[in-house]
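Student: My questions will all concern the structure given below.
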Amino acid sequence: MEKKLTFAIVGTGSRGVACFGELLKKRSDCIVKAVCDLNEMRAKLAAEKLGVPAVYTDLELMLEKEKPDAVVITSPDAAHEECAVKALKHKVNILIDKPLATTVKGCRNIIREAGKSGKVAMMGFNLRHAPLLMKLKEIVETGVLGRVFLVENREFYSNGRTYMARWNGRKSSSGGLWIHKGSHDFDVFNWLFGFPKPHKVAAFAGMNVFTPDGFPFPLEENIPPGPCCSECHYAANGLCKDKHPHTEAEWSREAQKLDGYVKDSCIYLSDRSVHDNGFAIIEYENGVRACHMECFVTGLNDRLYTVVGTLGQASLSLSGCTITVLKRWSLEKIVYEIQEPVGGHAGADPGLLESFIRAIQGRGGNSATLEQGMLSTAIGEAAELSRAENRVVFLEELLK
């Protein structure tokens, strides 16, 4: 019988536990032997959920004592660089949930260490493994649309308001939402078209709704809102439709005492430095233009893609599991319907993990390289810079 691969999970939020932890737990060829989180209480609770024997708050110590075959990194984005470099120095295979790092400089540091390690270092770009997007890539590559020159993606995310309540809403932790969230979609653009070199980026974004004067209900005299949903008068009395108190033990006040992290800060008052809506426009050196929209103020959950070529265009609804191709001259319509997939992110998460495991075992190549991860981060960083400085940013400024 083939030896089981041993894993450790760094970061015990929902991606680390409910996604990768649960997926690994179901496999017969892998075992999670340790979890690591700066918050000991959250780490212990995660270990109990997953049936993991070892708990650490020190990554270096965990790597030295446990010597896992692979580490899955799902820490807040700003910690990806440090965690990845430490793991690679210990000659451990790594899977990094997007983004690779929050800056191109950080990406380069990880890539440099990966080159020394000789281990598999893969990006967690799970959308590449979504069956519907894989079909779209097939349509593009087989020439059904002709020469593609324009692509648009609109992401509507109703749970996006929770980003404003968590670490994701702080640029210091996430790099900004063009990096944290947009890196998914920028990578899909790059991947769909064979990684053309991005030339320039312009972004327009703002916080139009989740502001201190944006409460969607009247405030009562002498009763301030917040500071978090679990302590808020308006949330407790059902007046706020945006309430999202987290009652799980790992987000309790007892856990908060260890690191001060609150997961349900008032989204209208919390310390945010990101946007709740915006557009980012990319022009590639080969002339392809792409536009990515993010909207976190909505009741809709979907990613909607439109790809236009010289022979026709394709429209995709990720949640609707459909692609519609419309031919340019005949107006012939071809509809592709993909059976509703099993697994998170439109069926992509299980495929991502399987791809990583196959690469470790030598049964497949690296399906998402660190260099590709850096390209996605570079576009996101350029978009953040464009928004901040109100100008077009040339990628050579970051990738020189």
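Student: Restricting the stretch 358-376 to residues that are of a type in the set (S, T, N, Q) and touching an Asp or Glu at 6+ places or on another chain (Cβ under 9 Å), which is farthest from Leu24 (Cα to Cα)?
Tutor: Result: Ser376.
Student: Counting only residues that are of a type in the set (S, T, N, Q) and surrounded by fewer than 17 Cβ atoms within 10 Å (Cβ to Cβ), which one in the stretch 266-297 is farthest from the chain's Cα centre (by Cα)?
Tutor: Going through the stretch 266-297, the residues of a type in the set (S, T, N, Q) turn out to be 270, 273, 277, 286.
From what's left, surrounded by fewer than 17 Cβ atoms within 10 Å (Cβ to Cβ): 273, 286.
Working: Ser273: 18, Asn286: 27 Å.
Applying the filter and picking the extreme gives Asn286.
Student: Search the stretch 45-54 for residues being assigned to a loop (DSSP other than H, G, I, E, B) and surrounded by fewer than 22 Cβ atoms within 10 Å (Cβ to Cβ), and hand back the single one that is farthest from the chain's Cα centre (by Cα).
Tutor: So, considering only residues that are assigned to a loop (DSSP other than H, G, I, E, B) and surrounded by fewer than 22 Cβ atoms within 10 Å (Cβ to Cβ), the one farthest from the chain's Cα centre (by Cα) is Pro53.
Student: Also: Check whether at least one residue in the stretch 234-257 is in the same structural domain as Thr142 (by TED's automatic domain parsing), within 30 Å of Ile96 (Cα to Cα), among the acidic types (Asp, Glu) and buried (at least 18 other Cβ atoms within 10 Å of the Cβ), and report yes or no.
Tutor: There is no residue in the stretch 234-257 that is in the same structural domain as Thr142 (by TED's automatic domain parsing), within 30 Å of Ile96 (Cα to Cα), among the acidic types (Asp, Glu) and buried (at least 18 other Cβ atoms within 10 Å of the Cβ).
Student: In the stretch 80-110, how many residues are crowded, with 19+ Cβ neighbours inside 10 Å and either among the acidic types (Asp, Glu) or without any contact (Cβ under 8 Å) to a residue 24 or more places away in the chain (or both)?
Tutor: Selection size over the stretch 80-110: 2.
Student: Let me ask something additional. Those residues that are closer than 17 Å to Gly206 by Cβ and in a loop (DSSP other than H, G, I, E, B), I need them from the stretch 272-310; list them, please.
Tutor: Arg272, Ser273, Val274, His275, Asp276, Phe296, Val297, Thr298, listed by residue number.
Student: Could you please find all residues in the stretch 111-132 being farther than 24 Å from Leu5 by Cβ and without any contact (Cβ under 8 Å) to a residue 24 or more places away in the chain?
Tutor: Arg112
Student: For the stretch 40-82, enumerate the residues that are farther than 24 Å from Arg166 by Cβ and aromatic (Phe, Trp, Tyr).
Tutor: none
Student: Look through Glu294, Glu283, Glu254 and report the one residue that is charged (D, E, K, R), touching a residue at least 24 places away in the same chain (Cβ under 8 Å) and in contact with a His (Cβ under 7 Å, 6 or more places away or on another chain).
Tutor: Glu283
Student: Go through the stretch 386-400 and count every residue that is in a helix (DSSP H, G or I), without any contact (Cβ under 8 Å) to a residue 12 or more places away in the chain and not charged (D, E, K, R).
Tutor: Number of matching residues: 1.
Student: In the stretch 259-271, what count of residues is obtained for those that are out of contact with any Cys (no Cβ under 9 Å at 6 or more places or on another chain) and not in a loop (DSSP other than H, G, I, E, B)?
Tutor: The qualifying residues number 1.
Student: Criterion first (aliphatic (A, V, I, L, M), farther than 22 Å from Ile357 by Cα and touching a strand residue (DSSP E or B) at 6+ places or on another chain (Cβ under 8 Å)) does Val32 satisfy it?
Tutor: Considered against the rule, which asks whether it is aliphatic (A, V, I, L, M), farther than 22 Å from Ile357 by Cα and touching a strand residue (DSSP E or B) at 6+ places or on another chain (Cβ under 8 Å), Val32 comes out as no.
Student: Right, Ala101: small (Gly, Ala, Ser), under 30 Å from Arg253 (Cβ atoms) and out of contact with any strand residue (DSSP E or B) (no Cβ under 7 Å at 6 or more places or on another chain) or not?
Tutor: Values: small (Gly, Ala, Ser): yes; under 30 Å from Arg253 (Cβ atoms): no; out of contact with any strand residue (DSSP E or B) (no Cβ under 7 Å at 6 or more places or on another chain): yes.
The answer is no for Ala101.
Student: Considering Gly214, Gly169, Gly160, which residue is at pLDDT below 95, on the phi < 0 side of the Ramachandran plot and surrounded by fewer than 18 Cβ atoms within 10 Å (Cβ to Cβ)?
Tutor: Gly214
Student: Name, by its number, the condition in (1) buried (at least 17 other Cβ atoms within 10 Å of the Cβ); (2) assigned to a loop (DSSP other than H, G, I, E, B) that does not hold for Ile223.
Tutor: Every condition holds for Ile223 apart from (1).
Student: Here's a follow-up. Counting just the residues of the stretch 358-378 that are touching a residue at least 60 places away in the same chain (Cβ under 8 Å) and not in a helix (DSSP H, G or I), which one comes out surrounded by the fewest Cβ atoms within 10 Å (Cβ to Cβ)?
Tutor: Per the stated criteria, the residue is Gln361.
Student: Can you tell me which residue within the stretch 323-357, out of those that are exposed (fewer than 15 other Cβ atoms within 10 Å of the Cβ) and polar (S, T, N, Q), is nearest to Gly143 (Cα to Cα)?
Tutor: Of everything passing the filter in the stretch 323-357, Ser330 is nearest to Gly143 (Cα to Cα).
The values are calculated or read from the model by the stated rules, or taken from the named source; none is laboratory data. Just so you know, these numbers come straight off a predicted model, no measurement behind them. Glycine also receives a Cβ, built like all others from the backbone with ideal geometry; neighbour counts cover every protein chain displayed.
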